[in-house]
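Before any comments, here is the structure.
Please treat every number below as a calculation from the coordinates, not as lab data. Nothing here was measured: the structure is a model prediction, and the numbers come from that model. A quick note on method: Cβ atoms are made from the backbone with ideal geometry, for glycine too, and the neighbour counts reach across all protein chains shown.
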Ligand SMILES: [Zn+2]
């Protein structure tokens, strides 16, 4: 799910490959990368430092709405001048995958990979996509940039973010998603939620919500603490 910022956001970020290896996986094992949306902090890591695919065996999946918005020279032309560089960045990142036939688009409700359903949540960007990963019993809803500031937007989901393409739509989609996630008590993950980034959404009434993270603590062995 997403590829992180890569080198686009400076030297303190872009450690995904390193961390993946530390977790025991090799980037060549990754065969599918699902993109929530084409902002730099989510797609910058698709390419390595030499502008080659960072995941050499992966197909990249992106919603048709997102693809058609960011990769269209016509849309880029109509965008305010200060935003045009983001369209160029998206085109440059996608180009190597398109050339290799490893860039695939899909529509709302599609299941690009078995067990992973795409749920369109437009507003932050036109083709912003959540993914629901399910084994038939339990589900995890990965919500991309539905929330940028948890401290503000859970109690006040009506607050938009400056980089939302359509703020009004982003707000109404967030309110609907919070409501359904709270009712379903589904596990939720989000790219800008605090570590561990997985939890549930609790409804507090009056359109206010609380983020309830899953309990997380390191394995005692891994921090060298004696077992009792
Ligand atoms: Zn974003």
Legend entry - Ranking of 200, 84 by count of other Cβ atoms within 10 Å, fewest first: 84, 200
Legend entry - Extension reserve of the residue 98-residue 51 stretch, reckoned as 0.36 nm per residue once the Cα distance is removed: 15.6 nm
Legend entry - Relative contact order of the chain, pairs being alpha-carbon contacts under 8 Å that are 6 or more residues apart, as %: 13 percent
Inset, instruction - Find the relative contact order for the stretch 1-135 and round it to a whole percent, using C-alpha pairs within less than 8 Å whose residues are 6+ positions apart. - result: 23 percent
Inset, instruction - For residue 138 and residue 74, calculate 0.36 nm times their separation in residues minus their Cα-Cα distance, and state this gained length in nm to one decimal. - result: 18.8 nm
Inset, instruction - Taking only the C-alpha atoms, wrap a convex hull around the chain and report its volume per residue in Å³ as a whole number. - result: 153 Å³
Inset, instruction - Mind sorting 26, 164 by how few other Cβ atoms lie within 10 Å of their own Cβ, fewest first? - result: 26, 164
Legend entry - Residue among 81, 95, 54 with the largest mean-square fluctuation in a Gaussian network model of the chain, springs linking Cα atoms under 10 Å: 81
Inset, instruction - Would you work out if the stretch 1-91 is rounded, prolate or oblate? Take a ≥ b ≥ c from the square roots of the eigenvalues of the alpha-carbon gyration tensor; rounded if a/c is under 1.5, else prolate when a/b is larger than b/c, oblate otherwise. - result: prolate
Legend entry - the stretch 108-216, relative contact order [Cα under 8 Å, separation at least 6], %: 23 percent
Inset, instruction - Go ahead and run the numbers for FRET between residue 216 and residue 172, Cβ-Cβ distance against an R0 of 22 Å, rounding to 0.05. - result: 0.10
Inset, instruction - Divide by every residue of the chain the summed helix terms, -39500 (n - 2.57) for each DSSP H run of at least 4, and state the resulting mean residue ellipticity at 222 nm, rounded to the nearest 500 deg cm²/dmol. - result: -7500 deg cm²/dmol
Inset, instruction - Could you sort 117-125, 103-111, 187-195 so that the peptide with the highest average Cβ count within 10 Å comes first and the rest follow in order? - result: 117-125, 187-195, 103-111
